[in-house]
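Asks: Starting off with a structure, shown below.
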Amino acid sequence: MNKANLYQQANGVQRRDAMEVLKEYAPLISWSGQPGEASLLDIGCGSGDVLVDFILPLLKTPGAASLGRVLATDISDQMVRYAREAYKNLRTVSFETLDIGSALDAVWLARSSLFSHVTSFYCLHWVQSQHAAFSNIHRLLRPGGECLLVFLANNPIFDIYNQLSRSPKWSKYMYDVEKYISPYQYSENPASEIEDLLCTVGFQHYQIQVRDKLYIYEGLDNLKRAVLAVNPFSERMPLELQDKFLLDYVAVVRQLYLAKACTDENDCNLQFISPYKLVIVYAKK
């Protein structure tokens, strides 16, 4: 998941869901206050485009307070470097590396202080230590602060990873596949698990929604780009095997009946269907 340029070209589903959720939840988010009083931490910013294109414009709406500080973070050094370069003229935003699922460094905490708002889109399903992530988010919010967190409960991509990891051809590259599968992939009631976490770390006011969603990739090339952009295993493989991995991935997609022809059986006219469950958490400290 370090292919920042490719990710920005292939993150259509992430952008669509972020735009829809922000449009719906914007009325709940309180940006009012004195100029410079509000501050924002974005967790898992990736290439930075969701933050810049969809989150920051909310601060230009009537009645919104000007931000004192915007800090965008990602676990990937490459993503952070890419975002810094791509938005180097955006002086109001700084980009830093952060693993929200680990113990926060005391030095980092001391200079970061607390935030009035935390956002995170399509990041937390990659974090295996959910308690640590939610605890850190609560810790980083100032009293009365709000967070809006959007992540996957389940997605066919995780089942495909599981299946491919059992193949002798790919097992040596996917030995830690469980690290890259959503903690809620096989949960019967993810909303209940997340509610328990929110209460445990100290949130008292929250809303949780788990929605059934669908995204359609038009054509084989679009699917391959999307898979390659988030596939954590391809960088471990020799270059000559990466295309073969994608072909095996597509074969499993067909096996799971997630592909159908639009007009004929040519790959260029195939649609690849991705049904998934999306979690939306709005919480206030």
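The values are calculated or read from the model by the stated rules, or taken from the named source; none is laboratory data. Being a predicted model, the structure only gives us computed values, none of them experimental. Glycine also receives a Cβ, built like all others from the backbone with ideal geometry; neighbour counts cover every protein chain displayed. Side chains are part of the model used for accessible areas, which takes the heavy atoms of the whole protein and leaves out ligands, DNA and RNA. Shrake-Rupley method; radii C 1.70, N 1.55, O 1.52, S 1.80 Å.
Asks: Under a cut-off of 17 Å between alpha-carbon atoms, report the aspartates and glutamates in cross-link reach of Lys172, not counting same-chain residues fewer than 8 places apart.
Replies: Of all the aspartates and glutamates, those that pass the test against Lys172 - Cα under 17 Å, at least 8 places apart if same chain - are Glu235, Glu240, Asp243, Asp248.
Asks: Let me ask another. Just to confirm, what accessible area per residue do you get for the chain at 1.4 Å probe, in whole Å²? Don't jump to the answer; show the numbers that get you there.
Replies: On the way: 13370 Å² over 285 residues.
Here the residues of the chain average 47 Å² of exposed surface.
Asks: Would you grab the residues whose amide H sits under 5 Å from the one on Ile75? Only those 5+ places off in sequence or on another chain, please, with H modelled 1.01 Å from N.
Replies: Close amide H contacts, sequence-distant or interchain: Gly44, Leu98.
Asks: With θ taken as phi - 60° and the coefficients 6.51, -1.76 and 1.60, list the Karplus ³J(HN,Hα) couplings across segment 38-50 in order, rounded to whole Hz; mark glycine and proline as x.
Replies: 6, 9, 9, 10, 10, 9, x, 5, x, 7, x, 6, 5
Asks: Relative contact order for segment 64-193 using alpha-carbon pairs under 8 Å, separation at least 6, rounded to a whole percent?
Replies: Over segment 64-193, the number comes to 21 percent.
Asks: In addition: Among Ala38, Ala133, Ala103, which one shows the biggest mean-square fluctuation in a GNM of the chain, springs joining Cα atoms closer than 10 Å?
Replies: With Cα springs under 10 Å in the chain, the top fluctuation among Ala38, Ala133, Ala103 is at Ala103.
Asks: Divide by every residue of the chain the summed helix terms, -39500 (n - 2.57) for each DSSP H run of at least 4, and state the resulting mean residue ellipticity at 222 nm, rounded to the nearest 500 deg cm²/dmol.
Replies: Taken over the chain, the calculation gives -10500 deg cm²/dmol.
Asks: A further question on this structure: Which percent of the accessible area of the chain is formed by carbon and sulfur heavy atoms (probe 1.4 angstrom)?
Replies: Details: 6830 of 13370 Å².
Carbon with sulfur: 51 percent of the solvent-accessible area.
Asks: Sticking with this structure for a sec: Select from Thr97, Thr200, Thr119 the residue whose mean-square fluctuation is largest in a Gaussian network model of the chain (Cα-Cα springs shorter than 10 Å).
Replies: Per the Cα network of the chain with a 10 Å cutoff, Thr200 tops the list.
Asks: Which pairs break 20 Å Cα to Cα here: Lys224/Lys244; Lys3/Lys224; Lys213/Lys260; Lys3/Lys277? Provide the component values of the computation, followed by the final result.
Replies: Details: Lys224/Lys244 11 Å; Lys3/Lys224 13 Å; Lys213/Lys260 18 Å; Lys3/Lys277 25 Å.
Where the Cα-Cα span goes over 20 Å, the pairs concerned are Lys3/Lys277.
Asks: Just to be sure I understand: with springs between alpha-carbon atoms less than 10 Å apart, which residue in Leu258, Leu41, Leu141 has the highest mean-square fluctuation in the Gaussian network model of the chain?
Replies: Leu258
Asks: Taking 0.36 nm per residue of sequence separation and subtracting the Cα-Cα distance, how much length would be gained by fully extending the chain between Asp243 and Arg16, in nm to one decimal? Can you show the working numbers first?
Replies: On the way: separation 227, 0.36 × 227 = 81.72 nm, distance 2.74 nm.
Once the chain is fully extended between Asp243 and Arg16, it gains 79.0 nm.
Asks: Shifting gears a bit: How charged is the neighbourhood of Arg15? Take every other residue with its Cβ under 12 Å from the Cβ of Arg15, and add Lys/Arg as +1 and Asp/Glu as -1. Walk me through the numbers on the way to the answer.
Replies: Working: positive: Arg16; negative: Asp17, Glu20, Asp49, Asp53.
Charge balance near Arg15 sits at -3.
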